[in-house]
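S.K.: Take a look at this one; I'll ask things after.
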Amino acid sequence: MRIVVTGGLGFIGSSFVHHCVENGYEVKVIDLLTYAGNYDHLNSIKSNPLLVETLITDICDVTPDDLGEYDYLVNFAAESHVDNSIADGRPFVRTNVEGTFNLLECARQNPKLKRFIQISTDEVYGDLDKLDNHGAPSFTHDKLIPSSYYSSTKAAADLLVQSWGHTFGLPYMITRTCNNFGERQHKEKFIPKIIHNVKNDITIPVYGDGKQVREWVWVEDNVKSILDRILYYGDSKPSTIQHIGSGYLLTNLEIIDMVGNILGITPKFEFVEDRLGHDRKYQLHSNNKVTKALHEFLKEELLKI
């Protein structure tokens, strides 16, 4: 089995590449190598012949010839930092929407394609706290109500994938995942920032009142679940949307308290002006199996200090 992985030098994408190679599958990595990507993420498998190639290019410019022969295309490539999308949404429209469209057009020309896998996010459902205020359960997912340029462009990409499947009859899978944590995550994200700031005695910035609720899943549980579902669905089952969550909900303040309890300190933090349009709550309805909780990961990382 040969898998094309776009965004394979990023945080979640590189973890997926590791998992695929460890299980004996051939991989071709496509990545633009922006600030969020890093060649070092694949250090331990660069010399493995199963990692057939790494192509540095924009997914908007990829051609069918670039992709070669493959069974599955897994699209991790995305602009993903919400703050950046608020400052300038154009790169998000280009990569997340135009890039996905181009990959779909390329994949449509592959007669051996078994499935196109689009990696999406729980943020496409918008702020579930608002749904709760109207009496709906937190796991109701019957509408896409994205709040930011990031989540809007991800929702648009998902709809393109669904339209492509409906019009051309080719199978797809969309996985919507909650907040990931784990190794190789960029320091702009909340968990790495906390660890970095605590290690360097820097005050942790906390948006608004710090009571925003997020669901957290270990990146290795996420990528294992993605590959398991690819193998399960293959090319013989209907196209599908899959949730990959953990049921493990925490506020930002609870995470900081967790860090303090692990280290036996009171971490320094300060409330800062809230993000524009900041959603209060994300949660997925998922039966995903979890092998590592955030507390365990934080303990491992913080005790290295």
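S.K.: Arranged by the count of other C-beta atoms within 10 angstrom, fewest first, what order do Leu303, Leu33 take?
M.R.: Values: Leu303 9, Leu33 13.
Ranking Leu303, Leu33 by Cβ neighbours within 10 Å, fewest first, gives Leu303, Leu33.
S.K.: Would you compute, from DSSP H runs of 4+ residues alone, the mean residue ellipticity of the chain at 222 nm, taking -39500 (n - 2.57) per run and dividing by the full residue count, rounded to the nearest 500? Mind showing how you got there, number by number?
M.R.: On the way: 10 runs with 101 residues, N = 305.
Counting only the DSSP helices, I get -10000 deg cm²/dmol.
S.K.: Taking the mean number of other Cβ atoms within 10 Å as a proxy for protection, how do you rank 238-244, 189-195 from highest to lowest? Write out the running numbers ahead of the final one.
M.R.: On the way: 238-244: 17.1, 189-195: 19.1.
Highest mean packing first, the order is 189-195, 238-244.
S.K.: On to the next question. Would you look at the GNM of the chain, springs on alpha carbons closer than 10 Å, and say which of Ala36, Ala156, Ala87 moves the most?
M.R.: Maximum among the listed residues: Ala87.
S.K.: For the range 176-305, what does the alpha-carbon gyration tensor say about shape, rounded, prolate or oblate, given a ≥ b ≥ c as the root eigenvalues, a/c under 1.5 as rounded, and a/b over b/c as prolate?
M.R.: Details: a/c = 2.61, a/b = 1.75, b/c = 1.49.
Prolate is the answer for the range 176-305, as a/c is 1.5 or above and a/b outweighs b/c.
S.K.: Still on this model: What do you get for the angle between helix 219-233 and the principal long axis of the chain? Use alpha-carbon atoms, 0 to 90 degrees, nearest ten.
M.R.: 30
S.K.: Another one. At R0 = 35 Å, how high is the FRET efficiency between Asp142 and Thr63 if r is their beta carbon distance? Nearest 0.05 is fine.
M.R.: Details: r = 38 Å, r/R0 = 1.07.
My answer for the efficiency is 0.40.
S.K.: Calculate how steeply helix 11-22 sits against the longest principal axis of the alpha-carbon atoms of the chain, using the helix alpha-carbon long axis, and give the answer as 0 to 90 degrees to the nearest 10.
M.R.: Value to nearest ten degrees: 50.
S.K.: What is the spin-label model distance, in nm, from Glu188 to Asn48 if the labels are put 7 Å beyond Cα along the C-beta direction?
M.R.: With each label point 7 Å from Cα toward Cβ, the separation is 2.8 nm.
S.K.: Nearest 10 degrees is fine. How inclined is helix 190-199 to the longest principal axis of the chain, computing both from alpha carbons?
M.R.: With rounding to tens, the tilt is 50 degrees.
S.K.: Right, here's the next one. How much length would be gained if the chain were fully extended between Lys112 and Ser163, taking 0.36 nm per residue of separation minus their Cα-Cα distance, in nm to one decimal? If you can, show how the numbers build up before the last one.
M.R.: Values: separation 51, 0.36 × 51 = 18.36 nm, distance 1.99 nm.
Contour length minus Cα-Cα distance gives 16.4 nm.
S.K.: Run the paramagnetic zone check for Val93: 7 angstrom along Cα to Cβ, then residues of the range 144-160 with backbone nitrogen under 12 Å.
M.R.: Output list for this probe position: 149, 153.
S.K.: Can you sort Glu215, Glu270 from fewest to most other Cβ atoms within 10 Å of each residue's own Cβ? Kindly include the intermediate steps, with their values, before the conclusion.
M.R.: Details: Glu215 21, Glu270 8.
Ranked by crowding around the Cβ, least crowded first: Glu270, Glu215.
S.K.: If you don't mind, another one. Could you work out the relative contact order of the chain? I mean the mean sequence separation of Cα pairs under 8 Å and 6+ apart, divided by the number of residues, in percent.
M.R.: Details: 574 pairs, mean separation 55.0, N = 305.
Computed value for the chain: 18 percent relative contact order.
S.K.: Taking neighbour Cβ counts within 10 Å as the exposure measure, how do Cys60, Cys106 sort from fewest upward? Could you put the intermediate results ahead of the total?
M.R.: Numbers: Cys60 16, Cys106 20.
The order, fewest Cβ neighbours first, is Cys60, Cys106.
S.K.: If we count every other residue with Cβ under 11 angstrom of Ala36's Cβ, Lys/Arg +1 and Asp/Glu -1, where does the sum land? All intermediate terms of the calculation are to be shown ahead of the outcome.
M.R.: Details: positive: Arg184, Lys187, Lys189; negative: Asp31, Glu79, Glu188.
Local charge sum for Ala36: 0.
S.K.: Among rounded, prolate and oblate, which fits the range 53-207 when a ≥ b ≥ c are the square roots of the eigenvalues of its C-alpha gyration tensor, a/c under 1.5 means rounded, and a/b larger than b/c means prolate? Walk me through the numbers before you get to the answer.
M.R.: On the way: a/c = 2.21, a/b = 1.38, b/c = 1.61.
Note, shape of the range 53-207 comes out oblate.
S.K.: Under the √(5λ) rule applied to the eigenvalues of the Cα gyration tensor, what semi-axes describe the equivalent ellipsoid of the chain? Give them in Å, descending. Please list the in-between numbers first.
M.R.: Working: eigenvalues 199, 102, 64 Å².
Sorted largest first and rounded, they come to 32, 23, 18 Å.
None of the figures in this text is laboratory data; all of them are computed from the coordinates on show. Note that the structure is predicted; figures quoted are calculated from it, not measured. Don't worry about glycine lacking a Cβ; one is built from the backbone with ideal geometry, like all the others, and counts go over all protein chains shown.
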